[in-house]
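Chemist: Following this message is one structure expressed as structure tokens.
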Amino acid sequence: HFFRHLRENHPEVDAYYVIEKDSPERANVEPLGNVVDYKSKEHIEVALLANVVAGTHHAEFLFPLRAKPFARTVRATRVFLQHGVIGAKWMSDVYHKRDFETDMFVVSSERERELIVRDFGFEPREVANTGLARFDALFAGDVPVNPRQVLIMPTWRFWLQDVDLYPQSDYHRTWTALLLGAALRDLEERYGLEVLLAL
């Protein structure tokens, strides 16, 4: 969404989108132009000439080579756009300044900004409360809105993939209690809600 915004509203910015050749998401960005194949010769050139590298994960994920010597060669300002709201989960072990190299850390709220400054080691000038670009299309009008719907979309973690351990996990117990509990049924009936679960 950030790339789309740049391409549609700021043609003076020479923006490129790096993506794997066979990615199913490619169709979403291809019409915007300046789409670069991951690990291509053009990708190397774009990375080395970039003034800014902006992405939703570590900046190194956008480089054609995952090697420290190449990362040191890239002189671009690194902007971390995020891919989720950190204020809702503890991620200091992943995104603390001592281990995570970025020049600008974008956040979704003032509360999240305070968390990143207080607990993640970033200076206030290194954290921008702009909202997350990926949320810009949530109300795009391309999906009919039912004000009586409640969407429940739990996050997921790699350590929950063991089919033998999962049923005993706190995660399973907590979500099962919510989804099958009387309190949620009562809210559904009282307010005429439709509860949707996105796995």
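Chemist: Right, TYR171: in contact with a Pro (Cβ under 9 Å, 6 or more places away or on another chain) and without any contact (Cβ under 8 Å) to a residue 24 or more places away in the chain or not? Don't jump to the end; show me each part of the working.
Modeler: Working: in contact with a Pro (Cβ under 9 Å, 6 or more places away or on another chain): yes; without any contact (Cβ under 8 Å) to a residue 24 or more places away in the chain: yes.
Yes: the conditions hold for TYR171.
The rows are residues; the columns are (1) under 17 Å from VAL85 (Cα atoms); (2) at pLDDT 90 or above.
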site	(1), (2)
VAL106	yes, yes
SER109	yes, yes
ILE116	yes, yes
ALA128	yes, yes
VAL143	no, no
VAL150	no, yes
PHE158	no, no
GLN168	no, yes
HIS172	no, yes
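Chemist: Before we move on, is VAL117 over 22 Å from TRP90 (Cα atoms), among the β-branched types (Val, Ile, Thr) and either surrounded by 11 or more Cβ atoms within 10 Å (Cβ to Cβ) or in contact with a helix residue (DSSP H, G or I) (Cβ under 6 Å, 6 or more places away or on another chain) (or both)?
Modeler: no
Chemist: Specify which of the listed residues (ASN51, ASN34, ASN28) is modelled with pLDDT of 90 or more, of a type in the set (S, T, N, Q) and touching a helix residue (DSSP H, G or I) at 6+ places or on another chain (Cβ under 8 Å).
Modeler: Numbers: ASN51 fails: touching a helix residue (DSSP H, G or I) at 6+ places or on another chain (Cβ under 8 Å); ASN28 fails: touching a helix residue (DSSP H, G or I) at 6+ places or on another chain (Cβ under 8 Å).
Exactly one residue qualifies, and that residue is ASN34.
Chemist: Please go through the range 131-186 and give me each residue that is within 30 Å of THR56 (Cα to Cα), acidic (Asp, Glu) and out of contact with any Lys or Arg (no Cβ under 9 Å at 6 or more places or on another chain), ordered by number.
Modeler: ASP142, ASP162, ASP170
Chemist: When both residues are 6+ apart or on different chains and their Cβ atoms are under 7 Å apart, which pairs have a first residue that lies in the range 1-24 and is surrounded by 10 or more Cβ atoms within 10 Å (Cβ to Cβ), and a second that is of a type in the set (A, V, I, L, M, F, W, C) and part of a loop (DSSP other than H, G, I, E, B)?
Modeler: Here the result reads PHE2/LEU81; PHE3/ALA15; LEU6/VAL13; LEU6/ALA15; ARG7/ALA15, each pair linking the range 1-24 to a residue that is of a type in the set (A, V, I, L, M, F, W, C) and part of a loop (DSSP other than H, G, I, E, B).
Chemist: Regarding the range 65-81, can at least one residue be identified that is touching a strand residue (DSSP E or B) at 6+ places or on another chain (Cβ under 8 Å), open to solvent by less than 50 Å² (accessible area, probe 1.4 Å), under 24 Å from ALA140 (Cα atoms) and assigned to a helix (DSSP H, G or I)?
Modeler: no
The values are calculated or read from the model by the stated rules, or taken from the named source; none is laboratory data. Quantities reported herein were computed from a predicted structural model and do not represent experimental measurements. So basically every Cβ, Gly included, is an ideal-geometry build from the backbone, and we count neighbours across all protein chains shown. Quick note on the areas: whole protein, heavy atoms, side chains included, nothing else; ligands and nucleic acids left out. Shrake-Rupley method; radii C 1.70, N 1.55, O 1.52, S 1.80 Å.
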